[in-house]
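Enquirer: First the structure, then my questions, so here it is.
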Amino acid sequence: MLEYLFATDDDDFLGPVRSDRYPDVLQPRGWGAVPVAGDGHYRIAVEGMEIEFAWEMPGLQVTVHGTSDEPRVEELVATIARQVGTELAVRVRVIPL
């Protein structure tokens, strides 16, 4: 399991994204991710992993379950962070936990 926090560069509270926008924002484009039931505010399955999203102070906690290739996970997480940043019009910092 790998965990990350998405936060803003200036340490302001990040988010949240409106729940009706989760599929467009939290599912990484081009990765074949699908929503699945489970813990968190939203959860997806992609490439044999499940990724759980939970809005916490000061941002979005991202938990990756069933990880195999850490560089691939980091690429996936970076893609989602860019999408969140675009949606919220902020620069998102990815902090490994």
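Enquirer: Could you please find all residues in the stretch 47-97 being of a type in the set (K, R) and under 22 Å from V36 (Cβ atoms)?
Expert: If the condition is that a residue be of a type in the set (K, R) and under 22 Å from V36 (Cβ atoms), then R72 is the only one that fits.
Enquirer: Within the set of pairs 6 or more residues apart or between chains, which connect a residue that is over 9 Å from L2 (Cα atoms) inside the stretch 52-72 to a residue that is among the basic types (K, R) and assigned to a strand (DSSP E or B) with Cβ atoms less than 8 Å apart?
Expert: Taking only residues 6 or more apart or on different chains, the pairs are E52/R43; F53/R43.
Enquirer: Quick one: count up the residues across the stretch 1-60 that are of a type in the set (K, R) and in contact with a strand residue (DSSP E or B) (Cβ under 8 Å, 6 or more places away or on another chain).
Expert: Narrowing the stretch 1-60 to residues of a type in the set (K, R): 18, 21, 29, 43.
Remaining after also requiring in contact with a strand residue (DSSP E or B) (Cβ under 8 Å, 6 or more places away or on another chain): 43.
Residues meeting the conditions: 1.
Enquirer: Provide a single number: the residues in the stretch 68-94 that are over 14 Å from F53 (Cα atoms) and part of a strand (DSSP E or B).
Expert: Residues meeting the conditions: 2.
Enquirer: Got a sec? Which of Q27, Q61 is within 20 Å of V94 (Cα to Cα) and out of contact with any helix residue (DSSP H, G or I) (no Cβ under 9 Å at 6 or more places or on another chain)?
Expert: Values: Q27 fails: out of contact with any helix residue (DSSP H, G or I) (no Cβ under 9 Å at 6 or more places or on another chain).
On inspection, the qualifying residue turns out to be Q61.
Enquirer: Any residue that is touching a residue at least 12 places away in the same chain (Cβ under 8 Å), closer than 17 Å to L76 by Cβ and touching a Gly at 6+ places or on another chain (Cβ under 8 Å) - is there at least one of those in the stretch 22-42?
Expert: No, the conditions are met nowhere in the stretch 22-42.
Throughout, read-outs are computed from the coordinates displayed, never taken from laboratory work. Note that the structure is predicted; figures quoted are calculated from it, not measured. Positions of Cβ are generated from backbone atoms using ideal geometry, with glycine treated the same way; all protein chains shown enter the neighbour counts.
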